[in-house]
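Please treat every number below as a calculation from the coordinates, not as lab data. Since this is a predicted model, take the numbers as computed values, not measurements. Positions of Cβ are backbone-derived with ideal geometry, glycine not excepted, and every protein chain shown enters the neighbour counts.
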């Protein structure tokens, strides 16, 4: 579990100058929701928070696949912090099939650490292990979701999947993201979609 390895990936999301050319088409800050017609079983009934989407591809984190609960101390120990006195536990999510040992903390945007990517002013992502230490000391973000792995697409790949109706998008909603009811998130997203049609 190498939380710090994700820093380079996340920094790609914040390259200077990209905001102007990507603003019109970027899905960053949106929920990407698998349709019932999703053909890839790895993504069946998933909801993904889009972190980056531009001409070079797309990057997101699955937010509705919890796998286990672990203590913060054990996570920090796995990262080499043997003397951690971190308090508390976190639910761990399977963030996607790419680099499943790479960790991310999706969190409320009031918290900032080196390497934090503020997605939209409401939600941010941090890959710096210091966020786990801050969480264990009661100084971390107010709301968090810890995920390992991510979903990634090459140039044009996500657009093709959208055109094939494998996905639809919904505005990101921090209440749904952090409410802890991951099992019903996909159904809630479908219900919201049907109400808006």
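How big is the chain along each principal axis, measuring the range of its Cα positions in Å and listing the largest first?
Answer, in whole Å and largest first: 51, 38, 27 Å.
What's the center-to-center distance, using Cα atoms, between the range 153-167 and the range 41-117 in Å?
Each part reduced to its Cα centre gives a spacing of 23 Å.
Hey, fewest Cβ within 10 Å first, where do 111, 150 land in order?
So the ranking, lowest neighbour count to highest, is 111, 150.
Between residue 114 and residue 82, what length comes free when the chain is fully extended (0.36 nm per residue of separation minus the Cα-Cα distance, one decimal in nm)?
Computed gain between residue 114 and residue 82 is 9.3 nm.
So for 110, 170, 159, fewest C-beta neighbours within 10 Å to most, what's the order?
Result, fewest neighbours first: 110, 159, 170.
Could you state the per residue volume, in Å³, of the convex hull enclosing the Cα atoms of the range 37-135?
124 Å³
Using a Förster radius of 22 Å, what is the FRET efficiency between residue 70 and residue 98 based on their Cβ-Cβ separation? Nearest 0.05, please.
The computed FRET efficiency comes out at 0.55.
Helix-derived [θ] at 222 nm for the chain: sum -39500 (n - 2.57) over DSSP H runs of at least 4, divide by residue count, nearest 500?
-6500 deg cm²/dmol
Starting from the 7 Å offset along Cα-to-Cβ, what nm value, one decimal, do you get for the label separation of residue 181 and residue 44?
The modelled label-to-label distance comes out at 2.4 nm.
Taking the chain as the reference, fit the longest principal axis to its C-alpha atoms, fit the long axis of helix 185-196 to the helix C-alpha atoms, and give the angle between the two in degrees, 0 to 90, nearest 10.
40 degrees
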